[in-house]
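Here the structure comes first, spelled out in structure tokens, and everything after it is commentary.
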Amino acid sequence: RFLLILMLAVGLALAACAPPEASEAGSENKPKAEKPAEEPKEQKPAKEQKPAKEQSKPESDTSSEKKERFKESAPKEPAPKEPNHKPQPKPKPKPKPRPKPSVPTAGRQYDATVTVSYVTDGDTVEISPAINGIEDVRLIGIDTPETVDPSEEVEPLGPEASSFADDELTGQKVGLEFDVERVDQYGRLLAYVHLGGEMFNEVLVEEGLAQAYPYEPNTRYEARFAAAQQQARAAALGIWGLTLAQQCQLANRGNGIGEGSPGCSGASASASASASASASPSAGS
């Protein structure tokens with residue numbers, strides 16, 4: 001018995017000291033249970049990609065849009081009302097200046113050729129060089145409204161006639177044509193002034209800026225001036241388009257208008273017309 005017990009004790013001691021490899025090897029040799037194959041999972045459909053957001057507009061565009069929206073939202077100021085003025089009558093057109101030629105009239109002979117140095121008024125100018133010491137020239141056969149006579153008020157359309165003569169004649173070389181009398185009682189030359197193929201005396205009548213004013217014995221172109229005046233009168237040009245009150249301020253040269261003519265206060269028409277037609281042009285006219 002003692003031996004048996006000793007052998008058992010030794011066997012147990014040996015078993016306890018043996019490495020666990022054997023047991024592990026035994027376990028490894030055992031076939032592992034195969035796991036059942038996993039069934040393939042159903043693939044979910046891919047989510048649709050959302051379109052990329054629009055790129056933000058440049059800051060400048062955004063600010064301009066804000067300004068536009070602000071303008072639209074801001075209350076608009078009411079447009080200022082136009083003043084309720086009564087329509088004014090349109091001013092009558094002034095005579096258009098004509099092209100200025102460099103010579104009076106090519107190929108025509110005149111009594112004198114001079115340069116207009118100054119325009120006194122519509123029918124009186126100064127020339128250079130002087131002729132026999134005389135510089136002042138009175139355009140004969142016509143009469144423009146008064147502007148320089150100290151004893152008379154400035155008459156309607158007088159400044160316009162002076163301005164027209166100034167624009168057309170000042171600095172221009174003109175031809176002088178004399179009639180029967182060359183000098184008047186005021187020491188002025190009496191002449192028809194020619195420029196660019198036209199007689200300026202007649203042009204003033206055609207524009208309605210002068211009345212025909214025949215004065216003996218210088219009446220060479222009386223018929224021409226009367227015809228020009230008739231056309232201007234029919235077209236209501238210049239003095240022929242003035243009101244009756246304005247026409248009554250003009251000198252009466254026997255043409256149915258002017259001081260003492262029908263419709264004007266003062267002396268009788270016949271007496272005034274007769275006196276004016278026979279009178280010599282004044283120093284201011």
> Cα centroid distance between the stretch 113-149 and the stretch 182-232, in Å?
Replying inline: 13
>> Keeping all protein chains in the complex and leaving out DNA, RNA and ligands, what accessible area do you get for M7 with a 1.4 Å probe, in Å² to the nearest 10?
In response: 130
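The values are calculated or read from the model by the stated rules, or taken from the named source; none is laboratory data. Bear in mind that the values here come from a model prediction, so they are computed numbers and not experimental data. Note: accessible area is taken over every heavy atom of the protein model, side chains too, but ligands, DNA and RNA are not part of it. Shrake-Rupley method; radii C 1.70, N 1.55, O 1.52, S 1.80 Å.
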